[in-house]
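Scroll down for the structure; my scribbles are underneath it.
Any read-out appearing in this document is the output of simple, stated calculations on the displayed coordinates, not a laboratory observation. It should be emphasised that the depicted structure is a prediction, and the values quoted were computed from it without experimental measurement. Here the Cβ positions follow ideal geometry from the backbone for every residue, glycine too, while neighbour counts run over all protein chains shown.
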Amino acid sequence: MSKKIVKIHNKSDRPNNIVEKENEIVEKCIEIEKTLPTFMKDFFIYLRNGVALSTRLAYLQDIFFFCKYLVSETNITTVSEINAISIESLNDVKARDINRFLGDYCTRYTVNETDMVTIMENHNRSLARKKSSLTVLFKFLYRDELISENITDGFNPIRLPKPQPDAIKRLEIDEVAIMLDIAESGNGLTDKERIYWEKTKLRDKAILVLFITYGLRLKELQQLNISSFNFGRGDFKIYRKREKEVNMPLNQSVEKVIFDYVQLERVSNDYVLEKHKDALFLSLQKTRMTEKAIRQLVKKYTSLALGTTKENGYSPHKLRATAATSLIQNGFSIYDVQNLLDHDNVTTTQLYAAHKKNVKREIVHRFEWLDEYDKKSSPLE
């Protein structure tokens with residue numbers, strides 16, 4: 001059966017490509033909901049209106065995985081299909097069952113396929129996400145009086161490693177310069193890579209400059225449209241997590257690389273399908289670049305700047321860290337950087353502040369009390 005054409009009737013301010021992407025996630029959520037027990041219907045409604053769309057999908061995937069575990073790995077229920085699980089069976093689930101699921105089964109399990117066996121491992125961060133999903137589910141069922149006991153207080157804690165500033169991977173200032181030079185000159189690329197680079201060098205440079213200037217998330221950059229940019233007003237629009245719409249100011253460097261790419265390299269819309277005409281960054285196939293393609297591009301250029309293999313190149317998120325540390329090293333406050341990068345908590349931004357070199361020495365040397373050692377009347381002079 002051929003796939004139906006999706007037509008977007010969009011009366012919101014959000015671009016069609018974002019509405020379409022969100023619809024794809026919604027469809028995935030609906031498909032999972034169809035496989036789960038019907039008594040969870042009110043819980044599905046709660047997720048639809050109470051959490052972010054990506055969180056809704058993650059919770060449903062985790063709950064489906066848990067229900068699959070109940071059916072195939074326990075004697076809590078005797079049914080063979082996930083959607084046949086009864087509320088009475090969930091009422092029989094105790095905290096120890098959840099703790100065994102998370103602490104024993106989830107840490108390492110196998111997936112048997114026709115011609116291979118895949119070993120799956122989850123570390124504490126993944127386990128904590130699964131615990132959070134089940135906590136939300138069981139609290140909701142207890143609140144709605146579908147189960148008689150709130151078992152979530154008995155869930156074992158999952159210890160997450162405290163983020164360490166020294167563990168944050170990012171490019172140094174000189175490595176950023178090397179990366180941009182490679183994007184501009186093609187130095188270090190193989191003969192085969194240079195063939196493609198000749199057709200995409202302005203695009204590649206624009207992508208890298210946007211990442212290291214604004215610390216954009218991969219999704220935010222991939223969704224950019226030509227219509228996102230208002231050069232007359234000097235800004236462009238991005239759509240962040242939790243459906244936040246934000247106007248970002250343009251500086252001259254960003255304006256130049258975007259203008260050069262659009263005017264000198266990007267293919268004319270006469271050769272682009274209607275669906276992709278507004279996309280800022282196009283692939284050589286004249287379609288919107290995928291997140292995977294952008295990630296591979298970043299890993300290629302960062303690996304060359306670092307002098308390592310492509311596998312050890314940095315992801316776009318490491319360029320986000322690069323933007324944060326570079327801004328702080330250039331004197332911007334952590335609160336300014338927090339605002340630019342859209343961090344929920346300033347403690348996240350403080351991790352990048354720890355990378356500012358010799359900050360204590362700089363502060364003390366610039367703050368002398370005795371006149372004979374005070375080399376300035378103002379730190380700005």
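Between the Cα long axis of helix 191-214 and the first principal axis of the chain there is an angle of about 90°, rounded to the nearest 10.
I'd like to know how the chain sits against the 2.2 N^0.38 Å rule of thumb: what's its Cα Rg over that expected value?
1.21
A Förster distance of 30 Å, applied to the separation of the beta-carbon atoms of Glu255 and Ser12, puts the FRET efficiency at 0.60. In the chain, helices alone account for a calculated mean residue ellipticity at 222 nm of -15500 deg cm²/dmol, with every DSSP H run of four or more residues adding -39,500 (n - 2.57).
DSSP finds beta bridges in the range 167-363, and of those with both partners inside it, around 100 percent are antiparallel.
Computed from the C-beta positions of Asn230 and Lys169 and an R0 of 41 Å, the FRET efficiency is 0.75 to the nearest 0.05. Summing charges over all other residues whose Cβ lies under 10 Å from the Cβ of Ala58, with Lys and Arg as +1 and Asp and Glu as -1, gives +2.
Residue ranges 131-138, 91-98 sort as 131-138, 91-98 when ordered by packing (mean number of other C-beta atoms within 10 Å per residue, highest first). Going 7 Å from the Cα of Val19 along its beta-carbon direction, which residues of the range 255-284 have the amide nitrogen within less than 15 Å of the resulting point? 275-276, 278, by backbone N distance to the label point.
In this structure, the residue pairs whose Cα-Cα separation is over 29 Å, taken from Lys131/Lys244; Lys28/Lys241; Lys7/Lys205; Lys241/Lys277; Lys201/Lys237, are Lys7/Lys205. Taking a quarter of the surface of the Cα convex hull of the range 167-363 gives a mean projected area of 12.2 nm². Between Lys34 and Thr190, the simple spin-label model (points 7 angstrom out along Cα→Cβ) gives 4.3 nm. Full extension of the segment from Tyr335 to Arg240, taken as 0.36 nm per residue of separation minus the current Cα-Cα distance, would add 32.4 nm. Pairwise inverse Cα distances across the range 16-161, averaged and inverted, put the Kirkwood hydrodynamic radius at 16.2 Å. Taking the C-alpha atoms only, the angle from helix 53-73 to the longest principal axis of the chain is near 40 degrees.
How far, in degrees from 0 to 90, does helix 124-143 lean away from the longest principal axis of the Cα atoms of the chain, to the nearest 10? Approximately 50 degrees, to the nearest 10.
Using the average count of surrounding beta-carbon atoms within 10 Å as a protection proxy, the listed peptides 153-160, 70-77 rank, highest first, as 70-77, 153-160. With the highest mean first, a sort of the peptides 190-200, 280-290 on other beta-carbon atoms found within 10 angstrom per residue produces 280-290, 190-200. The residues neighbouring Lys28, those whose beta-carbon lies less than 12 Å from its own, together hold a net charge of -2 under the Lys/Arg +1, Asp/Glu -1 convention.
The Asn49 and Ser283 beta-carbon pair, evaluated with R₀ = 45 Å, returns a calculated FRET efficiency of approximately 0.80.
The distance linking the range 66-83 with the range 256-329 is 44 Å (Cα centroid to Cα centroid, whole angstrom).
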